[in-house]
Amino acid sequence: MFDAISSQASKLVNLTNKVRGNYKSKTKLVTITSGKGGVGKSTFTANIAFLLSKRGFKVAVIDADIGLANMQVLLNLKPKVTLFDYIDGMKSLDEVILKTDYEDLYLIAGKSGFQYSNHSNSFIFSRIVQDVIDLNKFDIVLVDTGAGLNDYVKEFLSISDNILAITTTDPSALTDVYSLIKMLSNDKSKLMLCFNHTKSYQIGNTIVNSLINLAKKNRLSEDFMVKYIGNVSTSANISTTGRLRKLFTKEFVQDDSTRQLQVIIDYLLKNIH
Ligand SMILES: Nc1ncnc2c1ncn2[C@@H]1O[C@H](COP(=O)(O)OP(=O)(O)O)[C@@H](O)[C@H]1O
Ligand SMILES: [Mg+2]
C-alpha cells in the first residue's frame with residue numbers, strides 16, 4: 001500500500017518539477033508524526049516552528065491532522081479558511097497561508113472531521129505540500145500529520161524524507177512506533193525519533209536501542225536508520241500554555257522542556273535536507 005502511494009505521489013512531484021523547470025526550492029520539509037494520538041505531536045510542531053522562527057527561519061506549518069486539527073488553537077488563530085479551500089479550488093495558496101502573531105511563522109489550517117474518502121486516489125493532499133515548497137518562500141515547512149497509519153497519513157509520509165516521530169515510553173505508543181518503523185523501512189532511509197513525557201535522555205536511548213534490535217531480529221532493511229534525537233519531560237507549563245492558546249517555548253524560555261526542545265532543533269537543523 002505504502003509502495004503504491006509512494007510511487008504515485010513521487011510521480012506527481014516529478015511531473016511538477018518538470019513543468020517548473022526542475023529548479024530546486026530552498027524550502028525544507030519536515031513531517032511530524034506518531035503512531036499513537038495524544039503523545040504531543042501538535043505541541044511539538046507548534047513549538048518547534050516557533051523556535052525555528054526565533055532562530056531566523058521563515059516557517060510554515062501545515063495542519064494535516066483531519067482527526068483533530070488543533071494547530072490553530074496552539075497558534076492562537078481563528079481561521080476562516082483551511083487547506084481544504086485550496087484543495088477544493090475555492091481559494092488561492094496565498095489566501096490559505098495565514099500569518100500568525102509570531103514573526104516569520106505562518107499556518108495553513110486544517111479542519112477536523114473531514115472525510116478522506118471524498119478525495120482519495122487523487123493525491124491532492126500531499127500536492128499542497130509540494131505547492132508550498134515550490135513557492136520557494138519558506139525556509140522550512142512543518143507538516144503535523146494525524147495519528148495512526150491510515151492512507152491519508154501514509155500519503156504525507158510518502159513525500160517526505162525528513163520524518164520526525166514523537167512517542168512516549170507507553171507500551172502502546174511504542175507498539176505503534178514499531179509499526180511505523182516497519183512501514184517506513186520499505187521505502188525510506190531514516191526515521192528521527194524523540195520521546196515526550198520522558199525525563200531521562202538515557203531511557204529514550206535504551207528504548208530506541210531495543211527497537212533497533214527488534215528491527216534487526218525481524219530482518220527489516222539494514223539500510224534503514226532509526227535516529228534518537230532527544231526527549232522532553234512532562235511539564236505542567238506545557239499543558240497550561242496549550243489551554244491558554246500560548247506557546248510554552250515563548251512563555252517559559254528557561255524551562256527544562258524548552259531547553260530539551262532546543263536540543264532536538266539543533267539536531268534537525270544539522271540533519272534535514
Ligand atoms: N511534555 C508535556 N507535558 C505536559 N503536557 C503535555 C506534554 N506534551 C503534550 N502535553 C499535553 O498533552 C495533550 C496532547 O498533546 P498534543 O500535542 O495535542 O498531542 P497530539 O498532537 O499527539 O495528539 C495536550 O493537552 C498537551 O498540552
Ligand atoms: Mg495533534
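All of the numbers you see were taken from the coordinates with simple rules; none came from a lab. Please read these numbers as outputs of a predicted model, since none were measured by experiment. Reconstructed Cβ throughout: ideal geometry from the backbone, glycine too, with neighbour counts over all protein chains shown.
For residue 41, which of the numbered conditions (1) in contact with a Phe, Trp or Tyr (Cβ under 7 Å, 6 or more places away or on another chain); (2) within 15 Å of ligand 2 (Cβ to nearest atom) fails to hold?
Answer for residue 41: the failing condition is (1).
Which of the residues that make up segment 214-273 are within 16 Å of ligand 2 (Cβ to nearest atom), in a strand (DSSP E or B) and of a type in the set (Gly, Ala, Ser)?
Of everything in segment 214-273, nothing turns out to be within 16 Å of ligand 2 (Cβ to nearest atom), in a strand (DSSP E or B) and of a type in the set (Gly, Ala, Ser).
State yes or no: is residue 208 buried (at least 18 other Cβ atoms within 10 Å of the Cβ), outside any loop (DSSP other than H, G, I, E, B) and out of contact with any helix residue (DSSP H, G or I) (no Cβ under 6 Å at 6 or more places or on another chain)?
In short, yes.
Looking only at residues that are away from ligand 1 (no atom under 16 Å from the Cβ) and buried (at least 19 other Cβ atoms within 10 Å of the Cβ) in segment 221-245, which one is farthest from residue 261 (Cα to Cα)?
226
At least 3 residues that are within 14 Å of the chain's Cα centre (by Cα), within 16 Å of ligand 1 (Cβ to nearest atom) and surrounded by 16 or more Cβ atoms within 10 Å (Cβ to Cβ) in each: list the helices (runs of 4 or more DSSP H) lying fully within segment 25-144 that qualify.
Here the list reads 41-54.
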